[in-house]
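Report on one structure; see the data block that follows.
Here, each number is a calculation from the coordinates, and none is a lab measurement. Keep in mind the model is a prediction, meaning the values are calculated, not measured. Because the Cβ atoms are built from the backbone with ideal geometry, glycine has one as well, and the counts that use them run over all protein chains shown.
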Amino acid sequence: MCGGSDHGWGSHHFIVGGAVKGGRYYGQAPAVSVDTDDQVGRGRLLPAVAVDQMSATLANWFGVDPVELPTVAPKIARFGSADLGFMAA
């Protein structure tokens, strides 16, 4: 039995299209070490960007009313930003 994990909570997401502000890395790669705050135990790495933030950014671009964002991204209020800025206006 493995004593750790073969993946963290996060993953890579690729957003493509003409309105995407490409050529950038959004978020921050976690530090892979047992002596970092990004490692939260048993091989789990804490991601810097939540899927709720990604969803809310896309929802904003699609025209979802900000009042309705919690319907699309239920935990969005827990994060500092509801728009990561990877979509052109």
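Sites listed here are chymotrypsin sites (Phe, Trp or Tyr not before Pro) in the range 53-89 whose DSSP assignment is loop and whose Cβ has at most 15 other Cβ atoms within 10 Å: 79.
Note on residue 12 and residue 35: the extension gain reaches 5.9 nm, defined as 0.36 nm multiplied by sequence separation minus the Cα-Cα distance. Rounded to the nearest whole Hz, the Karplus-based 3J(HN,Hα) values (6.51 cos²θ - 1.76 cosθ + 1.60, θ = phi - 60°) of the range 54-61 follow the sequence 4, 5, 5, 4, 5, 4, 4, 5, with x at glycine and proline. Mean sequence separation of contacting Cα pairs (under 8 Å, at least six apart), scaled by the length of the chain, corresponds to a relative contact order of 32 percent.
Extents of the chain, largest first, come to 46, 29, 23 Å (Cα atoms, principal axes, whole angstrom).
Residue-wise HN-Hα couplings along the range 43-52, as the Karplus relation 6.51 cos²θ - 1.76 cosθ + 1.60 with θ = phi - 60° gives them from phi, are x, 8, 9, 7, x, 8, 10, 8, 4, 4 Hz; Gly and Pro carry x. The loop-placed chymotrypsin sites (Phe, Trp or Tyr not before Pro) in the range 13-45, going by DSSP, that have at most 11 neighbouring Cβ atoms within 10 Å of their Cβ come out as 14, 25. In order along the range 76-84, the phi-based Karplus estimate (6.51 cos²θ - 1.76 cosθ + 1.60, θ = phi - 60°) of 3J(HN,Hα) comes to 4, 5, 7, 10, x, 9, 9, 9, 7 Hz; Gly and Pro are listed as x.
Only Cα sites of the range 38-89 enter the Debye sum here, all with the same form factor; the resulting log10 I(q)/I(0) across q = 0.17, 0.21 1/Å is -0.53, -0.71, listed in q order.
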